[in-house]
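What follows draws every value from the coordinates through simple rules; no lab data is involved. From a predicted model like this one, the values you see are computed outputs, not experimental measurements. Glycine gets a Cβ as well: all are built from the backbone with ideal geometry, and neighbour counts include every protein chain shown.
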Amino acid sequence: MKYLIIDDEPIARVRLREMLGRIDPSGYILEAENGEEAMSIYEQEAAEVLLVDIRMPGISGIELAYHLSALDNPPAVIFTTAYNEYALEAFEANAIDYLLKPIQQDRLKRALAKADPITKSQGNALKEGGSRSHIAVNQKGKIKLVPLHQICYFRAENKYVAVRTRDARYLINETLNQLEEDMDDEFIRVHRNALISTRFLEGLEKIDDNRWCVLFQDIDDKLEISRRQTPTIRRWLRNKPI
């Protein structure tokens, strides 16, 4: 069995490694100190069981599990946490196991015995209502995590949504409505088919007497603004932080 321990605390990783070594002496154990590193290691090693700390800098354990649940063959995920008030009812309701720190070996052994791959519905349920720090892009069966602060805009294109950064363009199988729910105030609607980052919003340009488009920093793309959203964009530009 191949395991991946993900925790930003070295002592916690050492403790889990020692317990796993006693439970499964022939197991292959990998470690990561954050979600980004974990995703990179997982792409190379495809661990079968992940032990994931809930609270970590950058990508949280919840968000990491959400992204992993989108894979064709996701791993089993067991969450670890020192915070027993952390919405544990959500884990129980969705049949996802979790371990409270300090973790006991017998409890870990029981969790491993019943660990199942996390499903898309479980990932969605846990992520519901939470903001994201990254967007997961599927590239030839591998997941690339694109930080939100690098994204200029999202635009609906047929059955997909285009994700535009300074240097690249990706397609994801999500809806703008879902993305808007998951974003913070940095992203705003300019049209029913487009959601833009205010970080990259540079100004407006007139198309004709009744239509305007937004201009971006660093890229030449122009997106039309709906008449309904034009006052909102104008207001934001007037109050834009210097």
Report summary line: Karplus ³J(HN,Hα) for segment 44-51 (6.51 cos²θ - 1.76 cosθ + 1.60, θ = phi - 60°; Hz, whole; x = Gly/Pro) runs 7, 10, 6, 4, 8, 10, 10, 9
Query raised in the report: Label SER40 and ASP184 with points 7 Å out from Cα along Cα→Cβ: what is the distance between them in nm?
Result: 2.4 nm
Query raised in the report: What net charge is computed for the residues neighbouring TRP212, neighbours being all others with C-beta under 15 Å from the C-beta of TRP212, Lys and Arg scored +1, Asp and Glu -1?
Result: +3
Requested in this report: Step through the table entries LYS127/LYS222; LYS144/LYS240; LYS101/LYS142; LYS120/LYS222; LYS2/LYS120, compare each Cα-Cα distance with 24 Å, and write down the pairs that go over it.
Outcome: LYS127/LYS222; LYS144/LYS240; LYS101/LYS142; LYS120/LYS222
Requested in this report: Could you please report the charge total around ASP7, scoring K, R as +1 and D, E as -1 over all other residues with beta-carbon less than 13 angstrom from its beta-carbon?
Outcome: -1
Report summary line: The simple spin-label model distance between ASN177 and ASN138, using points 7 Å out along Cα→Cβ, in nm, is 2.1 nm
**Report entry** Charge dipole magnitude, Cβ of K and R +1, D and E -1 - the chain, Cα centre, debye nearest 20
**Finding:** 600 debye
Query raised in the report: Can you work out the FRET efficiency for the pair LEU100 and ASP209, with r the C-beta to C-beta distance and R0 = 51 Å, to the nearest 0.05?
Result: 0.20
Query - Which of ALA162, THR230, ASN177, positive extreme of dipole for the chain (C-beta unit charges) - result: THR230
**Report entry** Per-selection Kirkwood Rh - segment 1-57 (Cα, Å, 1 d.p.)
**Finding:** 11.2 Å
Query raised in the report: Summing -39500 (n - 2.57) over the DSSP H runs of n ≥ 4 in the chain and dividing by its residue number, what mean residue ellipticity at 222 nm do you reach, to the nearest 500 deg cm²/dmol?
Result: -8500 deg cm²/dmol
Query raised in the report: Once the piece of chain linking ILE23 and ARG192 is laid out straight, how much longer is it, given 0.36 nm per residue of separation minus the C-alpha distance between them?
Result: 55.5 nm
Query raised in the report: In the chain, which longest range has no trypsin sites (Lys or Arg not before Pro) that are both DSSP loop (not H, G, I, E or B) and surrounded by at most 16 other Cβ atoms within 10 Å?
Result: 56-113
